[in-house]
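First comes the structure, then the notes that go with it.
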Amino acid sequence: MVSPEQKQIVLARFTVCPNKDCKSERSLMRTLVKKEVKAGRMEEGEVEAGWFMTSAAAFNPTKPPLIGSVVQVGTGVIDICLDCGTVYALVVAKSEQTITPAPMPGMQSFQPPHIPGFSNPM
Ligand SMILES: [Zn+2]
């Protein structure tokens with residue numbers, strides 16, 4: 001497993017739907033966050049959430065990295081356009097993470113890397 005606390009570098013942010021016939025700014029989680037702000041349960045700009053966040057480490061699976069080695073990890077925060085249904089990335093980030101020993105089964109749950117300003121609803 002990789003350590004969760006290493007620094008994320010944001011490579012790109014997308015604020016509109018990439019569908020050239022759409023270009024909407026309305027996405028599922030942005031809309032839900034706006035409703036929470038309106039209801040007074042969140043502050044404006046406090047958090048921008050994606051529908052899900054996923055990460056993958058870049059290494060050759062036939063030569064797994066050793067404990068203590070550093071790997072490149074790519075992360076995407078994904079949302080859904082409310083006007084055309086296109087699933088697209090809000091944020092694309094990278095980090096270097098150190099391989100740590102795997103926890104004992106049942107001892108620790110996986111923590112996805114943290115991107116400042118974003119929350120993962122899962
Ligand atoms: Zn769209």
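Every number here is computed from the coordinates shown, using simple stated rules; none is lab data. Quick caveat, the model's predicted, so the values are computed rather than measured. Counting neighbours? That spans all protein chains shown, and the Cβs are built from the backbone with ideal geometry, glycine included.
Observations
- Qualifying residues in segment 21-36 (those that are within 16 Å of the ligand (Cβ to nearest atom) and assigned to a helix (DSSP H, G or I)) - the one surrounded by the most Cβ atoms within 10 Å (Cβ to Cβ): 29
- Selection within segment 37-90: residues that are in a loop (DSSP other than H, G, I, E, B) and within 16 Å of the ligand (Cβ to nearest atom). The member of this set that is nearest to the chain's Cα centre (by Cα) is 50.
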